[in-house]
Amino acid sequence: MSRIPHHPRHSTAPPPGRTGGAPRPTRRGLLAGAAGLGALTALGGVSGCASPAALAADADRVRFWNLFSGGDGQNMRQLLNRFRRDHPDIPVDDTTLAWGDPYYTKLAMAGAGGRAPELAVMHLGRITGFAPGRLLDPIDTGLLEQHGIRREDFNPLLWDRAVVDGKLYGLPLDIHPSVCYYNRPACRDAGLLGDDGRLAEITGAEDFLAALGAVREVIGQSPLGWNALAPVECWWTFLSLYTQTGGTILAEDAAAITLDDDRAAEVLAFLARLVAEEYAVPGQDLVGYLVNGGGFVWFGNWLVINFNDAGLDYGARPFPTLFGTPAGQAESHCFVLPHQRGRGGRANEAAHLLMAWLVSHSLAWAEASHVPAYLPVLSDPEYLALQPQAEYRAAMDRAVFDPPAWFSGTNSRIQQEVGVHISAAAMGQVSPADGVRGMRDALGRLLATRNPFGEGSAA
């Protein structure tokens, strides 16, 4: 994930269709599907991949593909170097590929050909559509347990989201949630800090608007950095607030739309009010906004890197509860086993050891701003001393993920194609009711579209 604010490109994420007897996706089929979604620019060369002949000489070698090209990439490289020092008998060839569609297209092609790396990283929201059992191999939980990794050491919602047909296809490393950053001096002057010097809990839409008004009086500008022009960011915010109302978007089997029109319109009306009353001014550079004296920012946790580098006096809380039940949008980086013909043996065992080691040593990963998925790390005194990371650790317990569909996940079609209607309503270009109708139409088109990455074993 990039460490700077960005607007992700259109996704090549995967579509529906789930008949268990469908043939394994072919490289030609994947190329055709990727081209249809504008992803063929992804297919550049990859450095760091050893040839089959070279790998045959070292049965313990683990090829590891990841997409950590931003600030967190340095943290991952440091962890891998520690693993190499601790396990000099297990060579690890790590390769960093371009974030987003290029990565997933390359990974799908490798899995379809059965010549994939031993280990890779995938966003949790992508697993459902990535043909588990065909493009991904199941993780051996028995091998994980040999290295001390058990389901009870994870939030059950997080672990179970990676289970398809009773088999685990992703081992969660973290969650990266939407959070609420705040300017500590401004909030202190506005009377919004608790005795601990942190932002006091604010619940309810009207109370939050009152807090924004108090901060506006202090800073003399719009009090909230939130970009209503960006469909993906609008999706994150809508998913957080709409879930707080108790509403759902799709049925659990992703076969039907369950959107509650009244609840969705209520959230869209609130977002439109933020813009119309200039609580939020669209199009701002969010880092520059807070650096230059802004009040609050709604965005992903990875801006911690930027704000720390700028030396700001700030904090970060889980996404505020404005519509009832605590909930906040999140994603998760998971370790997966891309499909290999005849997977097994020492290299597969080494891949399980590597992912187990990385998860259990994820304190260093938390320094890159992510919330560790491995619960023992969340209670580690060293983690609790990390600021502001420990301040938003409760985001784990209120995390909301995209609906489990082929078109969900980071930079996916649901985020782009539904998010554009949320943005239009927030900007006042359409009414909340028309925004909801647009969302329904987009969801219907997605449900009617076939998954270009093929059908998995999911029923």
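When L212, L193 are screened for being over 30 Å from F335 (Cβ atoms) and touching a Lys or Arg at 6+ places or on another chain (Cβ under 8 Å), only L193 passes. Give me the residue from segment 136-150 that is assigned to a loop (DSSP other than H, G, I, E, B) and touching a residue at least 24 places away in the same chain (Cβ under 8 Å) and, out of that set, surrounded by the most Cβ atoms within 10 Å (Cβ to Cβ). Per the stated criteria, the residue is I139.
When segment 151-184 is filtered for residues that are part of a loop (DSSP other than H, G, I, E, B), over 20 Å from A366 (Cβ atoms) and either polar (S, T, N, Q) or open to solvent by 10 Å² or more (accessible area, probe 1.4 Å) (or both), the ones remaining, listed by number, are D165, G166.
Name the residues in segment 305-325 that are touching a strand residue (DSSP E or B) at 6+ places or on another chain (Cβ under 8 Å) and either surrounded by fewer than 20 Cβ atoms within 10 Å (Cβ to Cβ) or more than 24 Å from L173 (Cβ to Cβ) (or both), would you?
The initial filter retains those residues of segment 305-325 that are touching a strand residue (DSSP E or B) at 6+ places or on another chain (Cβ under 8 Å), namely 307, 312-322.
Selection gives L312, D313, Y314, G315, P320, T321, L322.
A residue that is over 19 Å from E417 (Cβ atoms), open to solvent by 10 Å² or more (accessible area, probe 1.4 Å) and of a type in the set (V, I, T) occurs somewhere in segment 264-275.
With the condition kept exactly as written, say whether any residue in segment 80-95 is of a type in the set (F, W, Y), open to solvent by 10 Å² or more (accessible area, probe 1.4 Å) and outside any strand (DSSP E or B). The answer is no; no qualifying residue exists. So, in segment 100-113, of the ones that are open to solvent by less than 10 Å² (accessible area, probe 1.4 Å) and small (G, A, S), which residue ends up farthest from the chain's Cα centre (by Cα)? Top of the filtered list is G111. Just one of (1) outside any loop (DSSP other than H, G, I, E, B); (2) open to solvent by less than 10 Å² (accessible area, probe 1.4 Å); (3) at pLDDT below 95 fails for H352. It is (3).
For segment 120-135, what are the residues that are open to solvent by less than 10 Å² (accessible area, probe 1.4 Å) and either more than 19 Å from the chain's Cα centre (by Cα) or of a type in the set (G, A, S) (or both)? Walk me through how you get there before you give the answer.
Here is the first cut: in segment 120-135, the ones open to solvent by less than 10 Å² (accessible area, probe 1.4 Å) are 120-127, 129-132, 135.
Listed by number, the residues that qualify are A120, G125, G129, A131, L135.
Taken as a whole, the structure places D253 among residues that are under 24 Å from R445 (Cβ atoms) and in a loop (DSSP other than H, G, I, E, B). Just checking, which of G100, G113 is on the phi > 0 side of the Ramachandran plot and modelled with pLDDT under 90? G100 is the lone residue from the list that is on the phi > 0 side of the Ramachandran plot and modelled with pLDDT under 90.
Looking across segment 404-450, the residues that are outside any loop (DSSP other than H, G, I, E, B) and among the β-branched types (V, I, T) come down to I414, V418, V420, I422, V436. Just wondering, is there one or more residues in segment 228-238 that are open to solvent by 30 Å² or more (accessible area, probe 1.4 Å), assigned to a loop (DSSP other than H, G, I, E, B) and not charged (D, E, K, R)? Yes, because at least one residue in segment 228-238 is open to solvent by 30 Å² or more (accessible area, probe 1.4 Å), assigned to a loop (DSSP other than H, G, I, E, B) and not charged (D, E, K, R). Restricting segment 374-424 to residues that are in contact with a Ser or Thr (Cβ under 6 Å, 6 or more places away or on another chain) and within 23 Å of I257 (Cβ to Cβ) leaves a set whose member that is modelled with the lowest pLDDT is N411.
Residues in segment 375-403 that are assigned to a loop (DSSP other than H, G, I, E, B) and either touching a Lys or Arg at 6+ places or on another chain (Cβ under 7 Å) or small (G, A, S) (or both) were compared, and the one that is nearest to E233 (Cα to Cα) is F401.
Give the residue that is farthest from the chain's Cα centre (by Cα), with candidates limited to residues of segment 185-199 that are in a loop (DSSP other than H, G, I, E, B) and buried (at least 17 other Cβ atoms within 10 Å of the Cβ).
Taking the candidates together, the pick is A190.
The residues listed here are F323, F319, F335; of these, the one that is under 20 Å from D402 (Cβ atoms) and in contact with a Cys (Cβ under 8 Å, 6 or more places away or on another chain) is F319. Right, L358: surrounded by fewer than 24 Cβ atoms within 10 Å (Cβ to Cβ), touching a strand residue (DSSP E or B) at 6+ places or on another chain (Cβ under 8 Å) and at pLDDT 95 or above or not? Yes, satisfied.
The set of residues in segment 290-319 being farther than 25 Å from D72 by Cβ and in contact (Cβ under 8 Å) with a residue 24 or more places away in the chain consists of G293, G295. Pairs linking a residue in segment 217-234 that is of a type outside the set (G, A, S) to a residue that is open to solvent by 40 Å² or more (accessible area, probe 1.4 Å) and assigned to a helix (DSSP H, G or I), with Cβ atoms under 7 Å and 6 or more positions apart or on different chains, are V218/D189; P223/R216; P231/V420.
Applying the selection to segment 361-414, what residues are on the phi < 0 side of the Ramachandran plot, open to solvent by less than 10 Å² (accessible area, probe 1.4 Å) and of a type in the set (S, T, Y)? Matches in segment 361-414: S362, Y383, Y392, S408, S412.
The values are calculated or read from the model by the stated rules, or taken from the named source; none is laboratory data. Not measured: the values here are computed from a predicted model. All Cβ positions, even for glycine, are placed from backbone atoms using ideal geometry, and neighbour counts span all protein chains on display. To get the accessible areas, we keep the full protein, side chains included, count just its heavy atoms, and leave off ligands, DNA and RNA. Shrake-Rupley method; radii C 1.70, N 1.55, O 1.52, S 1.80 Å.
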